[in-house]
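Student: Following this message is one structure expressed as structure tokens.
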Amino acid sequence: MRICFLMYHGSMYSGGQGVYLYYLSRELVRLGHEVHVISGPPYPRLAPGVTLHRVDGVSYFRFLEDRPGFLARRSPWEFFYPLNFLELLTTRYGLYSLMLTYSLRALPVFLELHRRHPFDVVHDNQGLGVGYLGIKAQGVPLVVTIHHPLLVDAHNAVARTRSLVQKVRRVLFYPAVLQAPAARVADRIITVSQASAELVSWAFRVPRERIEVIYNGVDAETFRPLGLEKEPRSLLYVGNSEDPNKGAQYLLEALHYLLRDGEEFRLTFVDRPRGGLLFAPRLVRRYGLSTRVHFAGRLSTAALVRQYNRSQIMVCPSLYEGFGMPVTEAMACGTAVVATTGGALPEVVGEDGAGVLVPAGDSRAMAEAIRELLADPERCASMGQVGRRRVLSLFSWRKAALETLRVYERALSGSA
């Protein structure tokens with residue numbers, strides 16, 4: 001089968017969507033299929049055998065990340081090309097237009113590749129730009145993976161703001177309404193949890209029977225127990241703390257309660273470098289946690305695996321997760337988990353003792369769960385063993401690839 005993946009930004013460091021793209025495309029190639037990826041920046045690292053086709057982008061976010069390089073690589077006239085001008089202007093004033101502009105840029109690239117050697121199926125990974133309507137018009141089955149609707153991000157971002165102007169800007173930043181048309185024309189929709197499937201069906205008014213649930217996998221050969229000694233009373237957070245949906249504020253508030261009660265602990269924060277963070281460092285100072293929180297920045301995969309192994313507890317304070325990859329990575333490494341009931345996290349953690357669940361947004365309940373586990377290293381070790389077994393039995397990328405192929409076959413045959 002000849003498969004074309006669409007990904008508006010494909011880097012693993014951009015979030016779980018990049019991890020999904022890497023491992024799913026790798027397994028499909030290993031199963032004997034031809035896989036092409038049309039990706040916008042930041043570009044992905046892909047497995048051998050997967051062909052990458054780059055689509056440019058000139059968003060204001062890229063300018064902020066590398067001002068000299070951003071300007072040096074382009075003629076000034078390029079910024080006035082219609083799509084470039086639209087993307088630069090809208091992102092400069094707080095509109096997240098990348099899905100729209102990427103889909104319009106990807107369309108001619110797809111058409112040329114499809115003209116030379118037709119694709120059997122197109123698989124979009126969360127982008128859902130209106131340019132995909134042009135791809136759909138070519139008669140190629142369109143499968144989309146929606147990890148969760150942007151409606152969730154918009155809701156949680158608005159809830160964190162106070163002024164009306166800020167609320168309006170947050171609503172405009174997340175183009176939730178632009179996802180619906182592409183979702184409705186897709187032949188099949190894949191989501192990564194039952195919780196996400198129900199929300200996608202409701203948000204986009206898509207019949208539930210058109211949605212397939214395929215759990216993400218975990219690279220259990222990489223994320224594995226290393227036999228390292230746990231650092232006593234150590235906590236770990238992995239995620240984008242600038243995203244209000246990730247709930248970092250509730251974790252830091254919980255630690256404030258523990259500090260006030262005289263508890264010993266140390267939190268390692270795996271996120272972008274501290275200099276690129278605004279929200280978390282400010283809360284760390286406000287809550288007097290400067291000596292208890294270490295900002296580790298982004299870690300290599302090997303260093304992240306060691307960090308999971310050395311931590312007594314991994315904490316996921318998210319308000320909502322379509323799946324929760326850091327949780328499964330921690331479980332694969334044999335580390336106990338404290339997570340919330342947000343979205344799919346109860347599905348991922350399960351009920352057999354791999355972790356403790358607390359209500360989303362309840363920092364006091366989170367503090368109590370952390371307190372109990374910090375005082376019981378033996379229980380943490382037992383939870384880690386349960387988590388590893390759960391990962392091995394449920395969360396495999398090979399299994400995800402095989403189930404995805406069955407979705408492709410149903411899309412090709414037009415069956416329900």
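Student: So for segment 273-282 (the condition being buried (at least 20 other Cβ atoms within 10 Å of the Cβ), assigned by TED's automatic domain parsing to the domain that holds Arg388 and touching a Lys or Arg at 6+ places or on another chain (Cβ under 8 Å)), does at least one residue qualify?
Tutor: no
Student: Which residue pairs have Cβ atoms under 8 Å apart, sit 6 or more places apart or on different chains, and have a first residue in segment 1-27 that is modelled with pLDDT of 85 or more and a second that is part of a helix (DSSP H, G or I) and charged (D, E, K, R)?
Tutor: Qualifying pairs under 8 Å: Glu27/Arg398.
Student: Further question: Check every one of the helices (runs of 4 or more DSSP H) wholly within segment 120-198 and list those with 3 or more residues that are crowded, with 21+ Cβ neighbours inside 10 Å and at pLDDT 70 or above.
Tutor: Correct list: 176-185.
Student: Going by what's in this entry, would Thr340 be described as of a type in the set (Val, Ile, Thr), more than 30 Å from Pro141 (Cα to Cα) and in contact with a strand residue (DSSP E or B) (Cβ under 7 Å, 6 or more places away or on another chain)?
Tutor: Yes: the conditions hold for Thr340.
Student: Which residues, taken from segment 406-416, are surrounded by fewer than 16 Cβ atoms within 10 Å (Cβ to Cβ) and under 24 Å from the mean Cα position of the chain (by Cα)?
Tutor: Once the filter is applied, which keeps residues that are surrounded by fewer than 16 Cβ atoms within 10 Å (Cβ to Cβ) and under 24 Å from the mean Cα position of the chain (by Cα), segment 406-416 yields only Arg406.
Student: Please give the number of the condition Gly94 fails out of (1) at pLDDT below 90; (2) surrounded by fewer than 17 Cβ atoms within 10 Å (Cβ to Cβ); (3) within 30 Å of the chain's Cα centre (by Cα); (4) not in a loop (DSSP other than H, G, I, E, B).
Tutor: Here Gly94 meets the rest and fails (4).
Student: Oh, and also: Return a yes/no flag: does segment 38-59 have any residue that is out of contact with any Pro (no Cβ under 7 Å at 6 or more places or on another chain), outside the structural domain of Gly324 (by TED's automatic domain parsing) and assigned to a helix (DSSP H, G or I).
Tutor: No.
Student: Within the group Leu402, Leu373, Leu412, which residue is touching a Cys at 6+ places or on another chain (Cβ under 6 Å) and either in a helix (DSSP H, G or I) or modelled with pLDDT of 95 or more (or both)?
Tutor: Leu373
Student: Right, here's the next one. Could you list all residues from segment 4-32 that are part of a loop (DSSP other than H, G, I, E, B) and within 16 Å of Asp120 (Cα to Cα)?
Tutor: Leu31, Gly32
Student: For Gly353, are the conditions met, namely being in a loop (DSSP other than H, G, I, E, B), over 21 Å from Ser241 (Cα atoms), in contact with a Pro (Cβ under 8 Å, 6 or more places away or on another chain) and outside the structural domain of Ala197 (by TED's automatic domain parsing)?
Tutor: For Gly353, the condition - in a loop (DSSP other than H, G, I, E, B), over 21 Å from Ser241 (Cα atoms), in contact with a Pro (Cβ under 8 Å, 6 or more places away or on another chain) and outside the structural domain of Ala197 (by TED's automatic domain parsing) - is not met.
Student: Collect the residues in segment 369-393 that are surrounded by 17 or more Cβ atoms within 10 Å (Cβ to Cβ) and either closer than 26 Å to Thr222 by Cα or of a type outside the set (Val, Ile, Thr) (or both), keeping them in residue-number order.
Tutor: Answer for segment 369-393, where residues must be surrounded by 17 or more Cβ atoms within 10 Å (Cβ to Cβ) and either closer than 26 Å to Thr222 by Cα or of a type outside the set (Val, Ile, Thr) (or both): Ala369, Leu373, Leu374, Cys380, Met383, Gly384, Val386, Gly387, Arg388, Arg390, Val391.
Student: Let me ask another. Having 3 or more residues that are on the phi < 0 side of the Ramachandran plot, among the hydrophobic types (A, V, I, L, M, F, W, C) and touching a residue at least 60 places away in the same chain (Cβ under 8 Å) is the bar; report the helices (runs of 4 or more DSSP H) wholly within segment 252-342 that clear it.
Tutor: 325-332
Student: Return yes when Ala367 is assigned to a loop (DSSP other than H, G, I, E, B), in contact with a Phe, Trp or Tyr (Cβ under 8 Å, 6 or more places away or on another chain) and at negative phi and no when it is not.
Tutor: Criteria not met by Ala367.
The values are calculated or read from the model by the stated rules, or taken from the named source; none is laboratory data. A quick note: this is a predicted structure, and the numbers were derived from the prediction, not measured. With ideal geometry, Cβ positions are generated from the backbone for all residues, glycine too; neighbour counts draw on all protein chains shown.
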